[in-house]
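Presented below is the structure to which this report refers.
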Amino acid sequence: MGHPEDLLTILNQPATTAAPLLLGACIRHESPDGAVVVRLSEVEAYLGPRDSADPDPAAHSYGGKTNRNAVMFGPPGHLYVYFTYGMHYCANLVCRPEGLASGVLLRGGEVVEGADLARRRRPAARKASELAQGPARLAVALGLGREHNGVSVLQGEVTVRLPERARPQLVRNGPRVGVSGPGGSADYPWRFWLDGDPTVSRYKSGVVHGKRTTPENGSL
DNA sequence: GGCGGGATATTCT
DNA sequence: GAATATCCCGCCC
């Protein structure tokens, strides 16, 4: 349990299968400033263009390999870290063998170690549950940035430990956050979270990017 | 607790 | 040039 081989077994599967299995897993980043560990409560799956009969229009890899998304087209078990909205980084775990370009976006979790360091990195957080609540916040709390794009999580400064027991909490799923167009519809309910977990992101209901969203939302 | 607006850079038409 | 797998702050209930 918790062996890198088990992790690879999970990450070789389609992102939609791997994503819920990663809930409860712990991401650890050991930096010169110290270690921070986040226990995942929320993730999203994105499938590569050749990883399903029905391509995922919301995936960064949808249009093929580019300089930005090249890491997703590589082998599983690596971080795909991208920069967005001119100020935020978000981290994914690359799934599936080389060429298939699937990924699991790390959307939120609970800081279970290194809370002091995480608080220093995220002074805007008012409660502990906000330290890694949301993909860009999670990246900041863990100290992940551009330099971690392509880094392996099988060994090194960033590692993943799978849950030791069967998940005691109910996994729910629904439409992905911030995705407009067909990829955001109920046909792609590929956001997964631990029901009732306070670190699951709450996002604006009603309007996102000027368009209506589904009423289905975060923790209740 | 919930809304609205603004910020900011990389990416690919 | 437009869109973006977002967050923060200020204001209002």
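Read the figures in this text as sums done on the coordinates, not as results from a lab. The structure displayed is predicted, hence computed values, not measured ones. Methodologically, a virtual Cβ is constructed for each residue, glycine included, from the backbone with ideal geometry; neighbour enumeration extends over all protein chains shown.
State the extension gain, in nm to one decimal, for the chain segment bounded by residue A:187 and residue A:17, taking 0.36 nm per residue of separation less the distance between their alpha-carbons.
Stretched fully, the residue A:187-residue A:17 segment lengthens by 59.6 nm.
Return the single residue from A:60, A:29, A:88 with maximal mean-square fluctuation; model: Gaussian network over chain A, springs between Cα atoms under 10 Å.
A:88
For chain A, rounded, prolate or oblate, judged on the Cα gyration tensor with a ≥ b ≥ c (square roots of eigenvalues), a/c < 1.5 rounded, else prolate if a/b > b/c?
Rounded.
Set the Förster radius R0 to 22 Å, insert the Cβ-Cβ distance between residue A:147 and residue A:116 as r into 1/(1 + (r/R0)^6), and round the FRET efficiency to 0.05.
0.45
Quick one: among A:125, A:18, A:59, which has the greatest mean-square fluctuation in a GNM of chain A with alpha-carbon springs under 10 angstrom?
In this elastic network of chain A, the residue with the biggest mean-square fluctuation among A:125, A:18, A:59 is A:125.
Please check: in the Gaussian network model of chain A (C-alpha springs, under 10 Å), which one of A:181, A:143, A:24 has the largest mean-square fluctuation.
Highest fluctuation among the options: A:181.
Return A:105, A:8, A:21, A:170 ranked ascending by Cβ neighbour count within 10 Å, so the fewest neighbours appear first.
Ascending Cβ contact count within 10 Å gives the list A:170, A:8, A:21, A:105.
Under the rule of at least 5 residues apart or a separate chain, name every residue whose amide H is placed under 5 Å from the amide H of residue A:112.
Correct list: A:37, A:38, A:39.
Taking neighbour Cβ counts within 10 Å as the exposure measure, how do A:201, A:102 sort from fewest upward?
By the 10 Å Cβ count, ascending, the order reads A:201, A:102.
So how do A:47-57, A:33-43 stack up, highest first, on mean other-Cβ count within 10 Å?
With the highest mean Cβ count within 10 Å placed first, the list reads A:33-43, A:47-57.
Which value results when the Cα radius of gyration for the range A:16-120 is divided by 2.2 N^0.38 Å?
1.13
By counting other Cβ atoms within 10 Å of each Cβ, how are A:27, A:10 ranked from fewest to most?
Neighbour counts put them in this order, fewest first: A:10, A:27.
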